[in-house]
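The values are calculated or read from the model by the stated rules, or taken from the named source; none is laboratory data. Keep in mind the model is a prediction, meaning the values are calculated, not measured. Don't worry about glycine lacking a Cβ; one is built from the backbone with ideal geometry, like all the others, and counts go over all protein chains shown. For the accessible areas, the whole protein counts, side chains as well, though only heavy atoms, and no ligand, DNA or RNA atoms are used. Shrake-Rupley method; radii C 1.70, N 1.55, O 1.52, S 1.80 Å.
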Amino acid sequence: MKSNRFCTIQNKLNRFRNNLIGILVCCFLLESCVCQYIVKQQNYIMEQYRIFSEYIGALEQTDQDLYLFVQVASEELQENCKKDFEILTDTIQDLAQVIQTSQLTDLEKLTKSYYLAAEYTLTTHVDLISHGVLYSSYENTQAIKNIIIDLLDNYYDVINQYVVTSRKQLNYLNLCINATIFMIACVAVIYLSLYFERFSKGIVRAIQRLTDRAEKNVFGKELLEVEAWIEPKDELDILNNAFNEMLKRNYEYIEKLKNQAVLEQKLAQEQIETANLQAQLTNTQLKMLQARMNPHFVFNILNVISGLAMDEEAERTTEAIIRTAEYFRYSLVNLDKIVRLEEEIRNVRDYLEIQKLRFDERIMIDISMEEECGSALICAMILQPLCENALIHGIIPQINGGKIKIYIRKQQNMIEIQISDNGCGMSTERLHEIRQRICAYQEYDDNQGIGIVNIYHRLVLCIGKDVQIEIYSEKDRGTDLILRIPFYTKIEEVKNV
Amino acid sequence: MRKKTGIIILSGILFLGGCTSAQREEGQEPLRTVIFYPNTAEEEEQNIVKGIAKAAQEALDGKEQVLFSVYEIRKEQYTSMEYKVDAAAAMMPDVVILGGADPSHSAEEYRKLVDNEIHFLLIDGDHKDSGRDAYIGIDNEQAGEMGAKFISQQLSPKSKVGIISPILPESVGNELIPASLVQRYQGFCRQLEQYEMIAIPAECECTLDNFSALQKVTEFLEQNQEIDVLFCTDSVSGAAAANAVKNLDMGAQVKIICFDLTNQIVSGIKEGIIEAAIIQDTRAIGEACANLLCEMQDGRVLTGEDSILVDCQIVTTENLEDYL
């Protein structure tokens with residue numbers, strides 16, 4: 001299991017150094033101990049020669065003392081003999097304890113027999129003081145001593161064999177221990193090498209990676225990925241985390257700047273649009289004012305003409321004058337106002353009836369409106385120009401005339417006004433041009449040329465951007481114009497817009 | 001309280017167990033065994049007793065129940081039964097293995113061993129009356145018979161055989177006579193009685209010393225020109241006979257049959273001067289000794305009637321390589 005404990009690089013280096021020193025010290029101590037042990041054991045083995053020599057010396061000394069005792073019996077010599085035997089017994093016991101072979105057990109027994117025989121000699125002298133018995137007893141001890149002397153070569157061989165075998169074993173042990181120490185040292189060195197390599201690689205790799213990332217961040221074109229925060233194990237992890245945090249903050253700041261730039265661009269765009277609309281409104285108002293050319297004079301003239309027509313009993317003329325007057329009145333009164341749709345329809349009907357008087361049967365009119373649509377609010381003088389367009393560009397150019405159909409209905413919260421004619425229609429290019437102008441009405445600050453675009457501009461200015469206009473046309477088949485405006489019945493709703 | 005009682009009982013069991021095991025260990029003292037062999041010259045290194053001792057030592061290697069001591073002693077000490085017995089008595093072993101000397105002159109020494117409660121096993125020559133615990137080796141009388149049969153069947157049924165032996169039975173009064181030689185001699189003579197056509201015109205008594213043995217055999221051959229087969233009861237006499245025949249250039253006339261496979265005997269066989277050597281398998285005898293000692297330690301009681309016999313073989317030019 002990997003340890004996630006934080007450890008500084010300095011600590012890691014210290015740990016490595018301590019481990020190295022520890023292993024070296026351990027190996028050195030172990031080797032010293034082994035050397036000491038081997039030397040001690042070798043001395044101990046060689047010591048057996050000395051003990052054996054001591055034994056032989058003691059044997060000779062005992063024999064001499066015993067001989068003296070037999071010659072000149074005295075308590076002092078008796079004591080000497082006893083001491084000699086103690087030495088003899090001790091040395092052979094020491095030897096037999098170390099070299100546990102059957103031969104040395106035999107030597108121990110021989111020594112014991114020698115001692116028993118000698119003890120008898122010593123006792124015999126003290127009790128009997130008989131030289132004959134004494135000499136006989138002494139000869140027995142001599143016989144045993146001679147056997148020991150005769151067999152000494154065998155015992156010497158045994159000790160030699162012990163020394164050779166023990167030294168071989170010791171050398172083998174030494175070899176094994178040294179090999180083990182060497183193995184331990186090798187394993188430790190390999191472990192430390194691997195540890196150090198891993199450690200150094202870890203540092204170098206982390207630094208290289210961080211350097212690469214920093215370089216890419218500064219000079220690179222691609223955005224670097226922000227890595228997840230990791231539990232730091234050393235300073236490099238902290239550095240890596242800090243770098244990632246810095247990167248993250250940079251990205252956040254850049255994103256913030258981008259958003260701000262987009263917002264500012266949007267605001268500037270809106271300001272431009274507002275300015276454009278304002279300019280267009282001013283322009284429209286100016287044009288409307290120009291249209292108000294002395295209306296009272298026109299009405300007076302129309303009244304005079306109407307009176308003449310009635311005097312002459314010209315009914316159609318009278319009707320035409322009345323409808324024209326109605327039309328102008330409506331135009332003058334409501335030019336820049338919001339009106340009910342039913343009033344607008346009435347005005348359109350007036351206009352179309354006037355035109356019908358002019359073109360007679362060539363024009364057919366069909367107006368239908370759902371009842372609830374009449375209360376909807378709309379800008380005044382919107383439908384008349386559209387009908388005028390249909391009449392002038394669609395019906396009149398045709399010899400047989402045509403039909404204008406106005407159909408108004410409510411769809412959800414919208415009022416749909418459809419103005420259709422079966423006139424000569426328009427070319428695809430023209431239709432495309434008109435549609436483009438409607439879509440990009442703001443790019444044109446004049447309303448010259450295409451009345452339908454101006455109508456659309458007025459509606460947007462009065463009622464808002466929810467106004468929709470669609471136009472469909474086909475050459476020699478007619479044109480359909482669909483106008484959708486929000487269904488407002490209160491003037492406040494329109495003002496809020 | 002219950003815990004304390006448990007500990008006391010457990011301690012008691014362990015104590016008793018320890019005592020029992022200690023007693024058992026004390027009761028299993030290893031069997032101390034001693035064997036002596038003579039320090040022969042290099043050319044005679046294939047000494048029988050030495051071979052047996054080494055084989056037994058190898059067989060007992062690692063078996064702690066037997067402490068086996070092998071002693072090389074001087075030749076004159078080895079031939080003295082008194083010396084070997086005194087040494088063994090001073091060492092106080094459980095068992096001593098003795099190469100056979102003439103038992104009729106070693107009764108006192110054998111008794112000394114019995115008095116000291118030392119078991120003894122005989123090899124290279126048996127004597128049941130000695131009080132030995134067991135004999136391990138070949139049947140020497142049978143080996144002698146084998147020699148007689150070989151002469152009758154393989155050489156000539158009308159041979160005139162001269163017997164060469166270091167000490168002949170007729171010269172008793174010397175304790176240096178090995179029992180095995182006597183037995184071989186007796187077995188040979190007994191078997192030869194069955195072959196009427198084979199005669200023994202003369203016998204030669206030589207010594208264990210090579211040089212004097214050669215002299216004696218040479219003289220014997222010069223004096224007994226009619227002899228065409230020499231039956232030698234041991235390797236020393238066999239080697240002396242081979243050298244004498246060679247020196248006298250009598251190889252075509254005299255065939256030699258002897259015992260044991262020393263280097264000199266091997267040379268003689270290779271040269272074709274020695275016709276055959278009857279040998280005992282020292283390795284098999286040594287292993288038999290080792291097994292018997294282990295069995296004794298395991299409680300086998302020997303009655304004095306036990307004999308573990310190992311077959312002897314005849315080595316000739318044809319099969320010599322098998323035994324080298």
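Give just the number: which of (1) more than 24 Å from B:Gln280 (Cβ to Cβ); (2) crowded, with 20+ Cβ neighbours inside 10 Å does B:Ala199 not satisfy?
Of everything listed in (1) more than 24 Å from B:Gln280 (Cβ to Cβ); (2) crowded, with 20+ Cβ neighbours inside 10 Å, B:Ala199 misses just condition (2).
Take the residues of the stretch A:210-224 that are at pLDDT below 85 and not aliphatic (A, V, I, L, M): which is surrounded by the fewest Cβ atoms within 10 Å (Cβ to Cβ)?
Result: A:Lys221.
For the stretch A:225-268, enumerate the residues that are open to solvent by 90 Å² or more (accessible area, probe 1.4 Å), under 18 Å from A:Cys7 (Cβ atoms) and in a helix (DSSP H, G or I).
Correct list: A:Leu239 only.
Identify, by number, the condition in (1) within 14 Å of chain B (Cβ to nearest Cβ); (2) farther than 30 Å from A:Ile177 by Cβ; (3) open to solvent by less than 20 Å² (accessible area, probe 1.4 Å) that A:Lys112 doesn't meet.
Answer for A:Lys112: the failing condition is (3).
Would you check if there is a residue in the stretch B:277-285 being surrounded by 19 or more Cβ atoms within 10 Å (Cβ to Cβ) and within 23 Å of B:Tyr110 (Cα to Cα)?
yes
Yes/no matrix, rows are residues, columns are (1) within 14 Å of chain A (Cβ to nearest Cβ); (2) assigned to a loop (DSSP other than H, G, I, E, B); (3) out of contact with any Ser or Thr (no Cβ under 8 Å at 6 or more places or on another chain):
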position: B:Tyr71; (1), (2), (3): yes, no, yes
position: B:Leu98; (1), (2), (3): no, no, yes
position: B:Arg111; (1), (2), (3): no, no, yes
position: B:Gln142; (1), (2), (3): no, no, yes
position: B:Ala148; (1), (2), (3): no, no, yes
position: B:Ile151; (1), (2), (3): no, no, no
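Find all pairs meeting these conditions: Cβ atoms under 6 angstrom apart; at least six residues apart or on different chains; first residue within the stretch B:298-314 and of a type in the set (A, V, I, L, M); second residue assigned to a strand (DSSP E or B).
Note: pairs meeting the criteria are B:Leu302/B:Ala134; B:Ile308/B:Ile136; B:Ile314/B:Ala276; B:Ile314/B:Ile278.
Considering only residues that are open to solvent by 60 Å² or more (accessible area, probe 1.4 Å) and in a helix (DSSP H, G or I), which ones fall in the stretch A:1-18?
Result: A:Gln10, A:Asn11, A:Leu13, A:Arg15, A:Arg17, A:Asn18.
Criterion first (closer than 19 Å to A:Ser200 by Cβ, open to solvent by 90 Å² or more (accessible area, probe 1.4 Å) and part of a helix (DSSP H, G or I)) does A:Arg50 satisfy it?
Criteria not met by A:Arg50.
How about the stretch A:345-358: which of its residues are touching a residue at least 40 places away in the same chain (Cβ under 8 Å) and surrounded by 18 or more Cβ atoms within 10 Å (Cβ to Cβ)?
Correct list: A:Ile345, A:Val348, A:Leu352.
May I ask you to list the residues in the stretch B:113-136 that are modelled with pLDDT under 85, in a loop (DSSP other than H, G, I, E, B) and on the phi < 0 side of the Ramachandran plot?
Selection gives B:Asp126, B:His127.
Does A:Ala275 count as more than 30 Å from A:Tyr327 (Cβ to Cβ), at pLDDT 90 or above and open to solvent by less than 70 Å² (accessible area, probe 1.4 Å)?
Spelling it out, it is not the case that A:Ala275 is more than 30 Å from A:Tyr327 (Cβ to Cβ), at pLDDT 90 or above and open to solvent by less than 70 Å² (accessible area, probe 1.4 Å).
For residues in the stretch B:79-91 being touching a residue at least 24 places away in the same chain (Cβ under 8 Å) and buried (at least 22 other Cβ atoms within 10 Å of the Cβ), which is farthest from the other protein chains (Cβ to nearest Cβ)?
That would be B:Met81.
Please find, among A:Val158, A:Val204, the residue that is within 27 Å of the chain's Cα centre (by Cα) and open to solvent by less than 90 Å² (accessible area, probe 1.4 Å).
A:Val204
Have a look at A:Leu59, A:Leu107 and point out the one that is within 14 Å of chain B (Cβ to nearest Cβ), over 26 Å from B:Asp61 (Cα atoms) and in contact (Cβ under 8 Å) with a residue 12 or more places away in the chain. Even if it seems obvious, please write down each step before you answer.
Working: A:Leu107 fails: over 26 Å from B:Asp61 (Cα atoms).
Result of the check over A:Leu59, A:Leu107: A:Leu59.
Only residues in the stretch A:10-31 that are touching a residue at least 60 places away in the same chain (Cβ under 8 Å) count as the first member; pair them with residues that are in a helix (DSSP H, G or I) and of a type in the set (Ser, Thr, Tyr), Cβ under 9 angstrom, at least 6 apart or cross-chain, and list the lot.
Filtered contacts from the stretch A:10-31: A:Phe16/A:Tyr195; A:Asn19/A:Tyr191; A:Asn19/A:Tyr195; A:Ile23/A:Tyr191; A:Leu30/A:Thr180.
Taking the stretch B:118-140 as the region of interest, how many residues are farther than 18 Å from B:Glu108 by Cα and touching a His at 6+ places or on another chain (Cβ under 7 Å)?
Of the residues in the stretch B:118-140, 0 are farther than 18 Å from B:Glu108 by Cα and touching a His at 6+ places or on another chain (Cβ under 7 Å).
For B:Gln191, state whether it is crowded, with 19+ Cβ neighbours inside 10 Å, modelled with pLDDT of 85 or more and over 17 Å from B:Ile265 (Cβ atoms).
In short, yes.
Could you list all residues from the stretch B:46-60 that are within 12 Å of another protein chain (Cβ to nearest Cβ) and either more than 18 Å from A:Asp106 (Cβ to Cβ) or open to solvent by 50 Å² or more (accessible area, probe 1.4 Å) (or both)?
Correct list: B:Gln57 only.
For residues in the stretch B:237-253 being of a type in the set (A, V, I, L, M, F, W, C) and under 28 Å from the mean Cα position of the chain (by Cα), which is surrounded by the fewest Cβ atoms within 10 Å (Cβ to Cβ)?
B:Val245
Looking at the stretch B:215-235, which of its residues are open to solvent by less than 10 Å² (accessible area, probe 1.4 Å) and within 24 Å of B:Ile48 (Cβ to Cβ)?
Residues satisfying the conditions are B:Val217, B:Val229, B:Leu230, B:Phe231, B:Cys232, B:Thr233.
Which strands (runs of 3 or more DSSP E) does the stretch A:363-474 wholly contain that include 2 or more residues that are buried (at least 21 other Cβ atoms within 10 Å of the Cβ) and either touching a Cys at 6+ places or on another chain (Cβ under 8 Å) or not acidic (Asp, Glu) (or both)?
Where strands (runs of 3 or more DSSP E) fall fully within the stretch A:363-474 and carry at least 2 residues being buried (at least 21 other Cβ atoms within 10 Å of the Cβ) and either touching a Cys at 6+ places or on another chain (Cβ under 8 Å) or not acidic (Asp, Glu) (or both), they are A:377-379, A:402-411, A:414-421, A:468-474.
Pairs only if they're at least six apart or on different chains, beta carbon under 8 angstrom, first in the stretch A:133-153 and away from every other protein chain (no Cβ under 12 Å) and more than 11 Å from A:Tyr114 (Cβ to Cβ), second loosely packed, with under 15 Cβ neighbours inside 10 Å and among the hydrophobic types (A, V, I, L, M, F, W, C); list them, first residue then second.
A:Leu134/A:Leu128
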